[in-house]
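All of the numbers you see were taken from the coordinates with simple rules; none came from a lab. Model, not experiment: these values are computed from the prediction. Quick reminder, even Gly has a Cβ in these numbers, built from the backbone with ideal geometry, and neighbours come from all protein chains shown.
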């Protein structure tokens, strides 16, 4: 009689599974072009609100007043960067959280947990799809915004700005594991995620420098990777000033987040996941 | 008549129960509104010569605060009335609802009550927060302001019914449509900035939308018509436009919804999603 032996999946197999998940998600979203267009329009409209308000109220002094408060006269690029990093961050939260909730609602989450592919492998695939979609939309929206408002999108150190985005993505997606844990635990968590996206945008200084916030709030904001991401991009492109004066020191902080947050996120996610598996919670929605 | 009223009351009761059974959602949506206000206010203050320490001029506070009230009403109406039909469709309860002898329209209208109550509370709370942040808000001509708000809301609910009709037709794409309408409103009806900030081409489109006159007349009236306000037309003209919008839009929305509903029943697409 032939003997069947279970072999855990190899790294190559895990990578294939993650990429298959990414491909699946990208094919799925390509079927909803309206949604993709909205992902580009939303940050543009969002950034336009304070710009139009500022122009209408401050008139000819808008740029000078803005410089006195933020360190740059280029409020168009400042707001566009804020709105687009916000898009990247919220995409990350929603895509990961919504993936888990979708699987819960359609009743396939339990089945996923019975396959040899780990949930973290599939989550990596979802995260890759989300990063491609989020960063892609943000870049397109930024260029379109600069075109509409007639400012140069490629000023300053573009490569350093891109480096801040790319390095910041890993701690950002590690944080989404915490949101994944919340979805597994709370289930109907749309309102919580909605609230969190605004908390995050407030803390990272979407349309203002965090220096205007009270000291305690500033400290909380600095413990959050997107704050370093957004300030890094603004400083590289607009010269508003890095937190530690030099780009490599700020980037070093992001690298520290990169080394720590994946373990924290994974630990919390696994803990919630195991708890639910042991207590019949996985199939419930 | 009393039976219709009792069905309506039962549906309002059901909507309230659903709302109260999700306390996290309840509290989160409340805090979310305040965060949005704080973010917009701080962003606006970045253009002030004194920064966050400045007290915003009354017109700036009035434009943003009163525009925000109409914005959250429109947003809640589109999601709460229009998109809720989609929720019933997804949950598989829409077809059953149509097979019961209860009034179909009562189900839709019951959500108006929830929106009026809950969004009303949110509006009052947000006005209070903004008043604290900006050092007071202008408040004049309260009676006329309330009339204009009610007429604008009535028109907005009509838009909600019309959107519910659209939801029955376009199904999953309704989510994108809600977003488009919401963001279209944010630009074209200028709830967060004066109309003067819009480029002429966009302003021409704004003038064709009745809700723009709702936003303009409501905030101009409460601000006591400072120089340059109302921006789109003389106040008398705006009052007539807003009144017509408030009176005609609800029956038009209901008519469109009934038409879409009959069409969906005939084609057997009510339970399709």
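Rounded to the nearest 500 deg cm²/dmol, what is the calculated helix-only ellipticity per residue at 222 nm for chain A, with -39500 (n - 2.57) per DSSP H run of length n ≥ 4? Please list the in-between numbers first.
On the way: 11 runs with 220 residues, N = 285.
My calculation for chain A gives -26500 deg cm²/dmol from helical runs alone.
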Pairwise FRET efficiency - residue A:32 versus residue B:105, Cβ, R0 = 41 Å, nearest 0.05: 0.85
Fewest-first sequence of A:14, B:90 by Cβ atoms within 10 Å of each Cβ: B:90, A:14
Checked the protein assembly as shown with the C-alpha gyration tensor, a ≥ b ≥ c its square-rooted eigenvalues, rounded below a/c of 1.5, otherwise prolate if a/b is larger than b/c and oblate if not; verdict oblate
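Using the Kirkwood radius over Cα pairs, work out the Stokes-Einstein diffusion coefficient for the range B:138-273 at 25 °C and 0.890 mPa s, in µm²/s as a whole number.
152 µm²/s
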What do you get for the angle between helix A:158-186 and the principal long axis of chain A? Use alpha-carbon atoms, 0 to 90 degrees, nearest ten. 50 degrees
Between the range A:74-127 and the range A:202-276, how far is it from one alpha carbon centroid to the other, in angstrom? 19 Å
Peptide A:210-216: average number of partner chain Cβ atoms within 10 Å per residue? 1
Label-point separation (nm) for residue B:18 and residue A:115, each offset 7 Å from Cα along Cα-to-Cβ? 3.3 nm
Partner shielding of A:54-61, as the mean number of partner chain Cβ atoms within 10 Å, equals 6
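Going highest first, how would you order B:120-128, A:241-249, B:192-200 by mean Cβ packing within 10 Å? It would help to have the intermediate numbers written out before the result.
Working: B:120-128: 16.0, A:241-249: 13.8, B:192-200: 18.0.
Per-residue mean Cβ counts within 10 Å order the peptides as B:192-200, B:120-128, A:241-249.
Add -39500 (n - 2.57) for each DSSP H run of 4 or more in chain B, then divide by its residues: what number comes out at 222 nm, to the nearest 500 deg cm²/dmol? Walk me through the intermediate numbers first.
Working: 11 runs with 204 residues, N = 273.
It comes out at -25500 deg cm²/dmol, rounded to the nearest 500.
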On a 0 to 90 degree scale, rounded to 10, what angle separates helix B:235-267 from the longest Cα axis of chain B? 20 degrees
Given that compact globular proteins tend to follow 2.2 N^0.38 Å, what is the ratio of the alpha-carbon Rg of the range A:144-285 to that value? 1.23
Principal axis lengths of chain A from Cα atoms, whole Å, largest first? 85, 39, 33
Cα gyration tensor of the range B:2-267 - equivalent ellipsoid semi-axes, whole Å, descending: 34, 21, 17
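Rounded to the nearest 0.05, what FRET efficiency do residue A:68 and residue B:3 have when you use their Cβ-Cβ distance and R0 = 60 Å?
Details: r = 66 Å, r/R0 = 1.10.
Calculated transfer efficiency: 0.35.
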Cβ neighbours within 10 Å from other chains - mean over B:188-195: 3
Pair residue B:267, residue B:26: separation of 7 Å Cα→Cβ label points (nm): 3.9 nm
Along the principal axes of its C-alpha atoms, what lengths does the range A:1-86 span, in descending order and rounded to whole Å? 86, 30, 11
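For residue A:211 and residue B:244, what is the calculated FRET efficiency with R₀ set at 45 Å and r taken between the beta-carbons, to the nearest 0.05? The partial results should precede the final answer.
Working: r = 49 Å, r/R0 = 1.10.
Efficiency for this residue pair is about 0.35.
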Using only the alpha-carbon atoms, how far is helix A:33-58 inclined from the longest principal axis of chain A? Give it as 0 to 90 degrees, nearest 10. 30 degrees
